[in-house]
Amino acid sequence: MSAMSKGCHVKTQTGKSEEYQYTPLVAAGGREVVVNLEAAAGAWDIGAGYRPLDGWSYNGVTPGPIIEARQGETLVVRLTNRLDEPTTIHWHGLRLPAPMDGTENVQPTISPGEQFEYRFALPDAGTFWYHPHSNETVQLERGLYGVLVVRGPDEPVVDRDRVLVFDDVRLDRGGAIAKPGGVMERHNGRLGNVRLLNGRVNPMIEMAAGQVERWRLVNVSSARYINFSLSGLPFRIVGSDGGLIESPVDATEVRIPPADRIEIVVGPFTEGQRMEVQSLRSDGFRSRRTATYGTVCVGQARASVANVPSQLREITPLAPLNTPPIRQVTFFGFPSLTRGWDFTVNGETHHQGGPVRVGELQVWEIVNRTPMDHPFHLHGFFFQVLTINGKAPQYRSWEDTVHVPPLGRVKIAWLPDDRPGSWMAHCHILEHHAAGMMMHFDVVRA
Ligand SMILES: [Cu+2]
């Protein structure tokens, strides 16, 4: 037992410290980061008291290895498919060339036994994630996801950088991953009955007293919104999908829709303190009760070198808040006789939208005509949220995923830089996406 563990007498369901480590599987060749990933079936140990699940993972671990790189480097990922079905990897949040986006639109799927090389520059610092864009409802539920951390030259100084990945999984009575499907699942999205943090049930997170940590919170759930709380203690929001925000924002809870990332700074705490990583109940139908995802215990004090400045970054507004939208993207859903339920964008499933010109400011209004929550995700480009139901958001940020409130509307602005090709936007509740709540569009040179 390390000195660190002495103050941490916490029994969790796994009974031991579970950490999602930064794995230096990087063969660094100058400005190139090379990673080999293998997607394969294998046992997924979610913790004591649970049968090992029939999981699918990258390199044998769920979440897959944390890929770490620096802004400006080129990432090379060689993916080998050892599954018995085709797959791809979508690099969620990355501003990469269209052919590297990992959807079935821009590349042939990678067949069992085949390999594909993804290669692209990393223009932005931030917390991103990777997952299949092929049979997502099944492949993500089985455990195929991982996180990519890109660091910039001017990061706040913290004592420790940690990634916390929120997921849930639906088990049947026998303790196996429940078969997918059914009208309820197609309608509500697949809501798990077991909550997972970094792929485990209620892991223990050990912190040193007196230290300040940066936590990168990533929600990879198929459909579950997270209302993050650290037993009600205050923390500071410092980043979102597209990296740092302008200044830290004090908070005691923060919503993290599926696919979204929030970066926070926590601590310092005192030795012996313990708290829970929770998702608070909310009025939405997805969160009727507060759930525990992990347990934090605070061990012996260590010196701190943390320095989180009050100005983190400058984000220039793309457009005034009252800019009229040039496009509406309307989410709707209705019962289907044959499929149980369909979801649409602008009146059609898998909508084909008009082209977008490089360099032409896009102000879009996302209109939610359903009484449900939908997280809107734009591939390949960051946007700024101008208004949510007519009001400016709490802070300015770069986003690729935003919560669109039930019967509400969100106005976003984005600037298509010179990366022509086929792109998409969709609801990131995976079952809604599969049921049609998505749109394709081309970015074209003027
Ligand atoms: Cu949705």
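No lab work stands behind these numbers, since they all come straight from the coordinates. The structure presented is a predicted model; accordingly, all values stated were derived computationally and were not measured. FYI the Cβ positions are ideal-geometry reconstructions off the backbone, even for glycines, and counts take in every protein chain you see.
Based on Cα contacts under 8 Å between residues 6+ apart, the chain shows a relative contact order of 15 percent. A simple rule links phi to the HN-Hα coupling: the Karplus curve 6.51 cos²θ - 1.76 cosθ + 1.60 with θ = phi - 60°, which for the stretch 416-432 gives x, 7, 7, 10, x, x, 8, 10, 8, 9, 7, 5, 8, 6, 4, 6, 5 Hz, with x for Gly and Pro. Computed over the chain with a Gaussian network model linking Cα atoms closer than 10 Å, the most mobile of ARG288, ARG216, ARG70 is ARG288. Fraction of C-alpha pairs exceeding 17 angstrom in the stretch 319-443: 54 percent, rounded to a whole number. A simple charge model with +1 on the Cβ of Lys and Arg, -1 on the Cβ of Asp and Glu and nothing else charged puts the dipole of the stretch 292-436 at about 300 debye relative to its Cα centre. Geometric descriptor of the stretch 69-141, per residue, is 87 Å³ (volume of the convex hull of the Cα atoms). Within the stretch 320-360, whose backbone N sits under 20 Å from a point 7 Å along Cα→Cβ of LYS179? Answer for the stretch 320-360: 338-341.
Looking at the chain as a GNM with Cα springs under 10 Å, which of PRO234, PRO320, PRO248 has the largest mean-square fluctuation? With Cα springs under 10 Å in the chain, the top fluctuation among PRO234, PRO320, PRO248 is at PRO320. Rounded to two decimals, the Cα radius of gyration of the chain over 2.2 N^0.38 Å is 0.94.
Which residue, LEU407, LEU280, LEU386, has the most motion in a Gaussian network model of the chain that connects Cα atoms within less than 10 Å? Among LEU407, LEU280, LEU386, the largest mean-square fluctuation in the Gaussian network model of the chain belongs to LEU407. So for the chain, taking the charge dipole from beta-carbon charges (+1 Lys/Arg, -1 Asp/Glu), which of LEU122, SER221, SER397 sits furthest toward the positive end? Looking along the dipole axis, the top candidate is SER221.
So what's the projected area for the stretch 211-313, the Cα convex hull averaged over all directions, in nm²?
Details: hull surface 27.6 nm².
Reported value for the Cα convex hull: 6.9 nm².
Using only side-chain charges placed at the Cβ, +1 for Lys and Arg and -1 for Asp and Glu, the dipole size of the chain relative to its Cα centre rounds to 940 debye.
For the stretch 331-409, the relative contact order comes to 29 percent (Cα pairs under 8 Å, sequence separation of at least 6).
Label separation (THR316 vs ARG160): 4.0 nm, computed from points 7 Å beyond Cα along the C-beta direction.
Helical runs (DSSP H, four residues minimum) scored at -39500 (n - 2.57) apiece and divided by the length of the chain put the mean residue ellipticity at 222 nm at -500 deg cm²/dmol.
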